Amino acid sequence: MAKIKKDDLVQVLSGKDKGKTGKVLQVIPKKDRVLVEGVNRVKKHLRAGQFGQTEGGIVETEAPLHISNVAVVDPETEKPTRVGYRFEEVDGELKKVRYAKASGKELS
């Protein structure tokens, strides 16, 4: 199970975009990959669609990164951190909560 979720703020740890941060747009668990906004941009050549539905040309889009190459940004220190889980009691029920291991602060 991936500890990174959609809308998390992550930092790239390796590759051509090392050090860049962005929001996770999509998690692809079967391939262990994530799509990060503004990171790993590639140029894609698109063919024009039939009956003028889509325009052809060169389009720049984000490509997926392997999940091991990104880390969640700690909300307190704004540095990459590992993610852990703990159980907290809320209204008499145990809830599973994600937290940043570096600061112990809860992640949304």
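Read the figures in this text as sums done on the coordinates, not as results from a lab. What you are looking at is a predicted structure, and each value in this text was computed from that prediction instead of being measured. So basically every Cβ, Gly included, is an ideal-geometry build from the backbone, and we count neighbours across all protein chains shown.
Think of the chain as having a plus end and a minus end, set by charges on the Cβ of Lys, Arg, Asp and Glu; of Tyr85, Asn40, Ile4, Asn40 sits farthest toward the positive end of this dipole. When peptides 36-49, 60-73 are sorted by average Cβ neighbour count within 10 Å, with the highest value leading, the order is 60-73, 36-49.
Taking 24 Å as the limit for the C-alpha separation, the pairs Lys31/Lys105; Lys3/Lys96; Lys5/Lys96; Lys20/Lys95; Lys31/Lys95; Lys6/Lys79 exceed it in the case of Lys31/Lys105; Lys20/Lys95; Lys31/Lys95. Per residue, the average separation of C-alpha pairs within less than 8 Å and at least 6 apart gives the chain a relative contact order of 20 percent.
Dipole check for the chain: with +1 at the C-beta of Lys and Arg, -1 at the C-beta of Asp and Glu, and the Cα centre as origin, the magnitude is about 560 Debye.
For the listed peptides 50-59, 82-91, a ranking on the average number of other beta carbons within 10 Å per residue, highest first, reads 82-91, 50-59. Each Lys or Arg adds one and each Asp or Glu takes one away; over the other residues whose Cβ falls under 12 Å from the Cβ of His66, this sums to +1.
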